[in-house]
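Student: Have a look at this one.
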Amino acid sequence: MKVAVAGCCHGALDKMYETLELLQRRHNVWPDLLLCCGDFQAVRNEADLRCMAVPAKYRHMQTFYRYYSGEKKAPVLTVFIGGNHEASNHLQELPYGGWVAPNIYYLGYAGVVRFRGVRIGGISGIFKSHDYRKGHFECPPYNQQTIRSAYHVRNIEVFKLKQLKRPIDIFMSHDWPRSIYHYGNKKQLLKMKSFFRQEVESNTLGSPAASELLEHLKPTYWFSAHLHVKFAAFMQHQTNSQEELPKATKFLALDKCLPHRDFLQIIDVEHDPTAGDSLEYDAEWIAILKATNSLVNVTQSSWNMPEKNGLHAKWDYSVTEEAIKEVVEELNHDLKIPCNFTLTAACYDPSKPQKHMEPVHTINPQTTEFCAQFGLTDINDRIQQAKEEGSVRGEYQEEEEEEMDSTGSAEEPSEYNTDNSGLSSINPDEILLDEEGGDEDLSTCSVDPSPDHPPDFSASFSDIRIMPDSMAVSSDDAMDSTNEDLEKSGVGKQVEEKSLSERPLKRIGGSENGNSGIKIKRRNQAIYAAEDEEKTE
């Protein structure tokens, strides 16, 4: 079957689906499934916009609300993961996954589903070491910290995914697995994005948690987004024994959804021709959710997952074939995911804007039904109970909060000393950009959606390499990594590496301190403004 893969959508659903329709008209090609690798932005109304961690001037409604309201319907089954620019309050309603609109399915904090016999897994959010070991404690209305920590990957989700034993065909993450750049055209990547150089050379670019999953799961395909550059790699995995067949992963990072950009990739994936056309639960994943349910945590206290270190009575939560069979029997051998989408918030009405609409913590009926069916903890219900009991009012809430103003803008202290007089909504998840070109495709397998170039569906991944032991990422790396937040800014000469506390952010286009010729642009500003993109790339 044909699977289309998109990078950061940023709420531009009309544009994304129109591109597919263009491919069909010009080349008679139509995918059976569309995957989106984060920054989907399922924004329903003005309250959702306030829960998206971007500067206020980049908070635009875009077009998702039309699909949420029923005005439009996605023309192809769409499955997506969350990134670091989402309506976190909306996605939080569906921690185990669910429909955000008819024919558009969110995988949850982490999840695995099946379509036509193909196993598709994913993990939402981006890695930040300081939140990695916390529970999912955030809920709207968010403060200036939780609006961002809400989308940070947690160790419990990685732990659950590492219990999988059956092969995974496709896996999605928003940020790249750390070290993956060593298995593709690294020279060309650094030519186009030279500000990655320091992190690439120090092997700190990307997510150590995703790298850990890549090493464990060894999926056939791994798709990512986040860095807004298209890049292909091929990783030949090491085998654990002579009897084990060698495995390899084809990695592809997608560009963002902008006009005249090659942001879609279509690949042919082997499938089960006898399987139906419905999205299905994955029985092993459901069994793992049941097995790990006792580990659910809704506090912001740091904690470690069970390990074989003498401190835990149980550390292996992988499931038996019998447990998987029990799930299938519970469902009467019908694993089809019910089409039970429900409106849980008012939909944006362009004729009646409500700029001061406030977000509320909502319990989604889909999650309630899912948890009741499989005997799982409803995370949002647990958070609600804890709030009522006053037991989850953590550090952020106990201190005096700076709530977002009426425009939805909030000043957030950076993780580094910074002169932020010229910047609003400083986001430590944003990375400095320099003014380099960046339109060139870094992959060897691209689909050009323009009418002048027919799509090429054969993915030719070269530069096969064995992952060396030195690049294996342990759980300790995932906890201790701290240098995730900065990229070098190429401003004409190599800047001497400084500690985080010594690196100031300069105002954009400012002339303070004689730096009138230097413009430093945060990555996520380029994300949201196509006109800025044309100036800086």
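Student: Among DSSP bridges having both ends in segment 44-147, what percentage is antiparallel? Round to the nearest 5.
Tutor: 75 percent
Student: To check my understanding: the extent here is largest minus smallest coordinate of the Cα atoms along each principal axis. What are those three numbers for segment 82-235, in Å, largest first?
Tutor: For segment 82-235, the Cα extents along the three principal axes come out at 42, 42, 28 Å.
Student: At a threshold of 8 angstrom on Cα-Cα distance, excluding pairs fewer than six apart, so keeping six or more, what relative contact order does segment 2-393 reach in percent?
Tutor: Reported as a whole number, the value is 21 percent.
Student: Taking a threshold of 18 Å on the Cα-Cα distance, which of the pairs 290/325; 57/230; 160/290 fall above it?
Tutor: 57/230
Student: Turning to a different aspect of this structure: Take every DSSP beta bridge with both residues inside segment 163-309 and express the antiparallel ones as a percent of the total, to the nearest 5.
Tutor: Here the antiparallel bridges make up roughly 45 percent for segment 163-309.
Student: Still on this model: Name all residues of segment 274-291 having a backbone nitrogen under 20 Å from the label point set 7 Å from the Cα of residue 329 along its Cα→Cβ direction, giving them as ranges.
Tutor: So the set is 281-291.
Student: Starting from the Cα gyration tensor of segment 2-393, multiply each eigenvalue by 5, take the square root, and state the resulting semi-axes largest first in whole Å.
Tutor: Computed over segment 2-393, the values are 28, 27, 23 Å.
Student: Shifting gears a bit: Using alpha-carbon positions, what is the distance between the centroids of segment 353-385 and segment 134-166, in Å?
Tutor: 15 Å
Student: While we're here: What is the ratio of the Cα radius of gyration of segment 4-160 to 2.2 N^0.38 Å, where N is its residue count, to two decimals?
Tutor: Relative to the rule-of-thumb radius for its length, segment 4-160 sits at 1.04.
Student: Going from the alpha-carbon gyration tensor of segment 253-391, what semi-axes, largest first and in whole Å, does one get by taking the root of 5 times each eigenvalue?
Tutor: That gives 31, 28, 20 Å for the three semi-axes.
Student: If you take every residue apart from residue 363 with its C-beta less than 14 Å away from the C-beta of residue 363, what net charge results, scoring Lys and Arg +1 and Asp and Glu -1?
Tutor: Local net charge: -3.
Student: Can I ask one more? Roughly how many Å² is the accessible area per residue of segment 2-393, as a whole number, for a 1.4 Å probe?
Tutor: Each residue of segment 2-393 exposes 36 Å² on average to a 1.4 Å probe.
Student: Hey, another quick one. In percent, how large is the relative contact order of segment 48-105, given Cα pairs closer than 8 Å and 6 or more residues apart?
Tutor: 46 percent
Student: Work out the FRET efficiency for residue 190 and residue 216 from their Cβ-Cβ distance, taking R0 = 25 Å, and round it to the nearest 0.05.
Tutor: E between residue 190 and residue 216, to the nearest 0.05, is 0.35.
Student: If you don't mind, another one. Taking the Cβ-Cβ separation of residue 361 and residue 60 as r and a Förster radius of 25 Å, what is the calculated FRET efficiency to the nearest 0.05?
Tutor: With a Förster radius of 25 Å, E is 0.55.
The values are calculated or read from the model by the stated rules, or taken from the named source; none is laboratory data. Everything quoted here is computed from the prediction, not taken from an experiment. Ideal geometry is used to build each Cβ from the backbone, glycine not excepted, and the neighbour counts take in all protein chains shown. Heads up: the accessible areas ignore ligands, DNA and RNA and are worked out on the full protein's heavy atoms, side chains in. Shrake-Rupley method; radii C 1.70, N 1.55, O 1.52, S 1.80 Å.
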